[in-house]
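The values are calculated or read from the model by the stated rules, or taken from the named source; none is laboratory data. Keep in mind it's a predicted model, so treat the numbers as computed, not measured. Here the Cβ positions follow ideal geometry from the backbone for every residue, glycine too, while neighbour counts run over all protein chains shown.
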Amino acid sequence: MSEDEYTLSSAYITINKINNQGETLPPNTFILYTKEKSKIADLLIISEKGDTTTHQFKISNLPDPKLFLNEIESGESLPSNLENSKWVLSAKYPSIITLIANYKITSWACTIGNVTLSVENSNEIPEELINQINSLPSGSKVSFIATVLSEHDGICRKLSGGFTTN
């Protein structure tokens, strides 16, 4: 059924055809935002012929994102030498998850052995930490704990992630 053949409606849901990057979604694909705290929502579908169908679906928060160092996902190995380019900590979904949501790192801490470096209001990795990571022997663990704010649902999350040096 093409989108010209039906109308979507709901009292407590905003229905979008454009994602938060401004891109138009594929045919018959929509993003639904709830305006209620309810755990169940009803979506009314009205066909061009006047037939109506109501679908009930469960509402839930977005899943927790993963921590990334540049494009390296938590759990993966870091290259043997972090080049002197800009390194940033970010929170996002792995490429296999098609959800698009923006997250802001509000603070983070990195632990290597017994030493912890804490940073507020920045996701950039300082040069001294890059140098310390570069000096680690292969197989060393680099751990992060970050406070992450979802720009979509306003939920603040604590995420942890780790990397192993090559």
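Just checking, does the stretch 36-53 include any residue being more than 24 Å from the chain's Cα centre (by Cα), farther than 30 Å from residue 122 by Cα, of a type in the set (Val, Ile, Thr) and surrounded by fewer than 11 Cβ atoms within 10 Å (Cβ to Cβ)?
Yes, the stretch 36-53 has at least one match.
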Which is closer than 30 Å to residue 144 by Cα, surrounded by fewer than 10 Cβ atoms within 10 Å (Cβ to Cβ) and of a type in the set (Ser, Thr, Tyr), of 74, 85?
85
Looking at the stretch 122-166 only, could you name the residues that are loosely packed, with under 14 Cβ neighbours inside 10 Å, in contact (Cβ under 8 Å) with a residue 24 or more places away in the chain and under 16 Å from the mean Cα position of the chain (by Cα)?
151, 153, 155, 156, 160
Filtering the stretch 72-91 down to residues that are of a type outside the set (Val, Ile, Thr) and at pLDDT 95 or above yields 73, 74, 75, 76, 77, 78, 87, 89, 90, 91
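So is residue 95 in a strand (DSSP E or B), under 30 Å from residue 127 (Cβ atoms), within 21 Å of the chain's Cα centre (by Cα) and modelled with pLDDT of 80 or more or not? Don't jump to the end; show me each part of the working.
Numbers: in a strand (DSSP E or B): no; under 30 Å from residue 127 (Cβ atoms): yes; within 21 Å of the chain's Cα centre (by Cα): yes; modelled with pLDDT of 80 or more: yes.
Taking the combined requirement at face value, the residue does not satisfy it.
Do any strands (runs of 3 or more DSSP E) lying entirely in the stretch 1-68 carry at least 1 residues that are modelled with pLDDT under 80 and under 30 Å from residue 145 (Cα atoms), and which ones are they?
Numbers: elements: 6-9, 13-16, 31-34, 40-47, 52-58.
It comes to 31-34.
Which residues, taken from the stretch 118-133, are closer than 20 Å to residue 79 by Cβ and assigned to a strand (DSSP E or B)? Step through it out loud before you land on a result.
Step one: list which residues in the stretch 118-133 are closer than 20 Å to residue 79 by Cβ, which gives 123-133.
Within the stretch 118-133, just 124 meets the criteria.
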Quick one: is residue 101 outside any strand (DSSP E or B), small (Gly, Ala, Ser) and touching a Ser or Thr at 6+ places or on another chain (Cβ under 7 Å)?
yes
